[in-house]
Amino acid sequence: MTTIYVDPSKKKQQIVKLSDGSRGLMKAKKEKGGIAYEFDFYSHLHPSFIIPHAPVNGGIERVDSIDGQQQFKFQLN
């Protein structure tokens, strides 16, 4: 499982760090049901994904990709 470190004070966009040393970008997107959060990663180790809610400390997201399922845990800093 890979941990994504998120700064909760940055609501719209931020560069996030991962426990494996890679980085990515989290962007807030306006959706019909509210705000969704999109995660795009700079390396090809992890698939991009969207969650329909704000990241929750300790929350786990399971993401299906071409390489199989990956799990991400959020840690708010």
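Read-outs: derived from the displayed coordinates by stated rules, not from any lab. All of these numbers come straight from a predicted model, not from anything done at the bench. A quick note on method: Cβ atoms are made from the backbone with ideal geometry, for glycine too, and the neighbour counts reach across all protein chains shown.
Convex hull volume of the Cα atoms of region 2-76, normalised per residue: 83 Å³. Amide H contacts of ASP7: ASN77, each under 5 Å away and 5 or more positions distant or on a separate chain (H built 1.01 Å from N in the peptide plane; Pro and chain starts excluded).
Available extension along the chain between LYS10 and LYS73 is 20.9 nm, counting 0.36 nm per residue and deducting the alpha carbon span.
Count the lysine pairs in region 2-76 whose Cα atoms lie under 16 Å apart, taking only pairs 8 or more positions apart in sequence or on different chains. So the count works out to 11.
For the chain, the set of trypsin sites (Lys or Arg not before Pro) satisfying both a DSSP loop assignment and a count of at most 12 other C-beta atoms within 10 Å is given as LYS10, LYS11, LYS12, LYS32. For PRO47, neighbours were defined as the other residues whose beta-carbon sits under 10 Å from its Cβ, and their charges (Lys and Arg +1, Asp and Glu -1) total -3.
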